Amino acid sequence: MRRRILLVSAALTACSGCSGWQSALDPQGPAAASLDRLLLGFVLVLGGIWLCVMLVLAAGLWRRAAATPGTARRRSAWAVGGACAATVLVVSGLTLASYLASRAAPLGQDEPLVIRVRGLQWWWEVVYPGADGQDLVTANEIHIPVGRPVRIELSAADVIHSFWVPNLAGKQDMIPGRDNVLTFTAWEAGTYRGQCAEFCGMQHARMAFLIVAESQESFDRWRAAQEAEAAAPAGEEEARGRQVFEQKPCGACHTIRGTEARGTTGPDLTHIASRQYLAAGVLPMTRGALAAWTADPQTIKPGNNMPLVPLTAAELQAVSAWLASLR
Ligand SMILES: [Cu+2]
């Protein structure tokens with residue numbers, strides 16, 4: 001049964017644009033596991049209550065005329081009183097259980113890795129605070145080391161969003177003007193899909209992200225590579241692409257470290273080609289997708305905050321060749 005639910009949920013997430021693994025029924029860390037146990041508890045208790053109600057109903061229908069009016073009234077007073085008491089007990093028990101489950105994320109001895117994630121319409125800014133204020137800024141793909149708690153500090157730039165990676169933890173809202181925190185650990189290396197879980201406007205459904213959990217060594221390698229400035233253009237076409245990017249208004253919204261581009265209203269593109277997906281899970285990362293997105297972002301993700309910047313075919317070729325080289 002459980003397997004079947006898992007397969008169905010896998011099939012559903014596979015069609016939704018960004019094919020990472022995403023299921024609250026397949027916990028991959030202690031925070032998600034305690035929610036999974038809570039869900040099972042709720043299903044068992046509430047299923048049991050439903051069965052009892054059905055049995056009492058059936059018994060009532062069957063023996064309608066058996067008692068005299070006096071005894072019937074006394075009996076039903078007892079039954080209603082008992083049911084009220086049971087309801088209060090069960091509801092308090094479930095409330096306590098869910099309170100305990102939501103704070104049952106054992107931190108262990110390890111110092112958590114702090115990552116700041118900010119929700120914007122309709123993408124995720126990801127910041128790894130560094131020593132002496134040298135923050136590493138990236139977007140839409142969050143790398144974490146396996147087995148070490150991560151403390152995600154959540155905020156929002158515009159409207160309320162909600163950070164949700166079902167395999168690893170419960171939902172946590174991102175509220176403008178308020179800092180929320182979510183702490184979790186991944187047990188195993190893997191790629192887990194997350195998405196915005198609070199309706200935040202037109203492209204809410206296309207606001208996904210990935211969590212890539214990996215060994216400490218590959219995480220360190222990833223971080224060192226991300227901290228480097230953008231690679232110098234490898235060839236003539238890439239060099240032309242870089243020029244186009246700098247001449248057009250792209251840099252007003254995007255940062256590419258190592259170039260003049262210093263904008264912050266769009267995702268950091270310094271290592272855009274190292275990510276698996278483009279535009280918060282909308283397209284797989286390929287040179288073709290980069291060209292398609294740059295040519296017409298409003299058809300691919302209508303209403304998003306990147307305007308169509310008119311480019312000639314040659315400019316488009318060059319700029320997408322350059323972006324595709326930014327690994
Ligand atoms: Cu959102």
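The values are calculated or read from the model by the stated rules, or taken from the named source; none is laboratory data. Model, not experiment: these values are computed from the prediction. In this analysis, Cβ positions are derived from the backbone assuming ideal geometry, glycine residues included, and neighbour counts consider all displayed protein chains.
Residues in segment 142-167 that are surrounded by fewer than 22 Cβ atoms within 10 Å (Cβ to Cβ), over 16 Å from the mean Cα position of the chain (by Cα) and not β-branched (Val, Ile, Thr): 147, 148, 157, 158. In segment 252-266, the residue that is modelled with the lowest pLDDT out of those that are polar (S, T, N, Q) and crowded, with 16+ Cβ neighbours inside 10 Å is 259. Contact map, segment 115-142: residues that are under 21 Å from residue 228 (Cα atoms) and of a type in the set (Ser, Thr, Tyr) paired with residues that are part of a loop (DSSP other than H, G, I, E, B) and within 16 Å of the ligand (Cβ to nearest atom), Cβ distance under 9 Å, separation 6+ or inter-chain. Pairs shown: 138/267.
Condition check ((1) in a helix (DSSP H, G or I); (2) within 16 Å of the ligand (Cβ to nearest atom); (3) surrounded by fewer than 11 Cβ atoms within 10 Å (Cβ to Cβ); (4) at pLDDT below 90) across all residues:
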{"residue": "44", "(1), (2), (3), (4)": "yes, no, yes, no"}
{"residue": "47", "(1), (2), (3), (4)": "yes, no, yes, no"}
{"residue": "51", "(1), (2), (3), (4)": "yes, no, yes, no"}
{"residue": "56", "(1), (2), (3), (4)": "yes, no, no, yes"}
{"residue": "66", "(1), (2), (3), (4)": "no, no, yes, yes"}
{"residue": "70", "(1), (2), (3), (4)": "yes, no, yes, yes"}
{"residue": "109", "(1), (2), (3), (4)": "no, no, yes, yes"}
{"residue": "118", "(1), (2), (3), (4)": "no, yes, no, no"}
{"residue": "127", "(1), (2), (3), (4)": "no, no, no, no"}
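If only residues of segment 169-183 that are more than 16 Å from the ligand (Cβ to nearest atom) and assigned to a strand (DSSP E or B) are counted, the one that is farthest from residue 214 (Cα to Cα) is 181. Taking segment 184-214 as the range and being touching a helix residue (DSSP H, G or I) at 6+ places or on another chain (Cβ under 7 Å) and either without any contact (Cβ under 8 Å) to a residue 60 or more places away in the chain or assigned to a loop (DSSP other than H, G, I, E, B) (or both) as the test, only 185 passes.
Scan segment 215-251 for residues that are in a loop (DSSP other than H, G, I, E, B) and surrounded by fewer than 19 Cβ atoms within 10 Å (Cβ to Cβ) and jot them down. Selection gives 215, 228, 229, 231, 232, 233, 234, 235, 248, 249. Checking the conditions here, which among 227, 237, 198 is acidic (Asp, Glu) and within 13 Å of the ligand (Cβ to nearest atom)? Exactly one residue qualifies, and that residue is 198. Considering every residue within segment 282-298, establish whether at least one is surrounded by fewer than 16 Cβ atoms within 10 Å (Cβ to Cβ), out of contact with any strand residue (DSSP E or B) (no Cβ under 6 Å at 6 or more places or on another chain) and closer than 16 Å to residue 122 by Cα. Yes, the conditions are met somewhere in segment 282-298.
Quick one: count up the residues across segment 275-327 that are in contact with a Lys or Arg (Cβ under 6 Å, 6 or more places away or on another chain) and under 19 Å from residue 240 (Cα atoms). Here the count works out to 5. From the residues in segment 143-168 that are within 14 Å of residue 219 (Cβ to Cβ) and not β-branched (Val, Ile, Thr), which one is nearest to the ligand (Cβ to nearest atom)? Looking at the filtered set, the residue picked out is 143.
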